[in-house]
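First comes the structure, then the notes that go with it.
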Amino acid sequence: MFRALIHGDFNNDGYLDLVITNNGDNTVSVLLGNGTDVIAQGVFPTGSRPQSVAVGDFNKDGHLDLAVANNGNNSVSVLLGNGTGIIAQAVFPTGSRPQSMAVGDFNNDGYLDLAVANNGDNSVSVLLGNRTGVILLGVFLTGSRPQSVAVGDFNNDGYLDLAVANNGDNSVSVLLGNGTGVTVQGMFLTGSSPQSLAVGDFNSDGRLDLAVVNNGSNTVSVLLGNGRDNVTMELAFATGNGPLSVAVGDFNNDGRPDLTVANSGDNTLSILLNMCN
């Protein structure tokens, strides 16, 4: 059973490839694109019950690498790319039951780092990248049952921050970065059972906002940022039944970010066009 899918050009041929996590046999499959189709390239071992996958050039060699969150043994596997395939690099500890990941340079050293939402112990692990791998910086508390994590500079200080959707207490935690770690800033209410979140400037004020899909109330919450240390307003919009994930894009080419939401309960997509002036 596969749990997550992501794309990138792993063999540097100009065609997008696919990576699929296989939860049942503790592997990832890499399928190479050729412009008309995809072909299986290989299956590579991970830790136990791989849950999600992220892509980045973690060792800065010009080739895309993979990071896989292993829900079954509380770890992240880093698999380094060499331009033709993937090789296992190492396994690094996280908190309990890692659920999802986000990538960013949290300490501004030029290497990509990882933020991992740990559903089992209400925390986020931050793992700093370096030339040879990643090292655990620290584990930071969130709300109850963090489900997903997103990255952005929410207070405009030049350091990346984290936003975490907490499925267990209907909230979003914002953790502000300071160049060496993160500090918990606050928790903000959402709808029922927030599942995933995305970042964008939805009201065009130059400050990042959050869109959060609420699986329990069939809504998407838009949390407007003030560019300092808070969100100023929560607006709720109806979706289909059982929304699970959200993505941002300008779907009608009007220069404003819109939302699309995948609804698992009625097998539909909701498209919410941004009418904010």
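The values are calculated or read from the model by the stated rules, or taken from the named source; none is laboratory data. For clarity, every value in this text was computed on a predicted model and none was experimentally measured. Every residue, glycine as well, gets a Cβ built from its backbone with ideal geometry; the counts of neighbours run over all protein chains shown. Only protein heavy atoms, including side chains, enter the accessible area calculation; ligands, DNA and RNA are left aside. Shrake-Rupley method; radii C 1.70, N 1.55, O 1.52, S 1.80 Å.
Summing Lys, Arg as +1 and Asp, Glu as -1, what charge do residues with Cβ under 14 Å from the Cβ of ALA150 carry, ALA150 excluded? Charge balance in the 14 Å sphere: -4. Taking the Cα centre of the chain as reference, the dipole from Cβ charges on Lys and Arg (+1) and Asp and Glu (-1) amounts to some 700 debye. Counting only protein heavy atoms and a 1.4 Å probe, the chain has 42 square angstrom of accessible area per residue.
Give the residues of segment 94-111 whose amide nitrogen is closer than 13 Å to a point set 7 Å from the Cα of LYS60 in the direction of its Cβ. Of the residues in segment 94-111, 105-111 have backbone N under 13 Å from the label point off LYS60. Label positions at LEU141 and LEU189, each projected 7 Å from the Cα along the C-beta direction, are separated by 2.1 nm. For the chain, the carbon plus sulfur part of the accessible surface works out to 53%, probe radius 1.4 Å.
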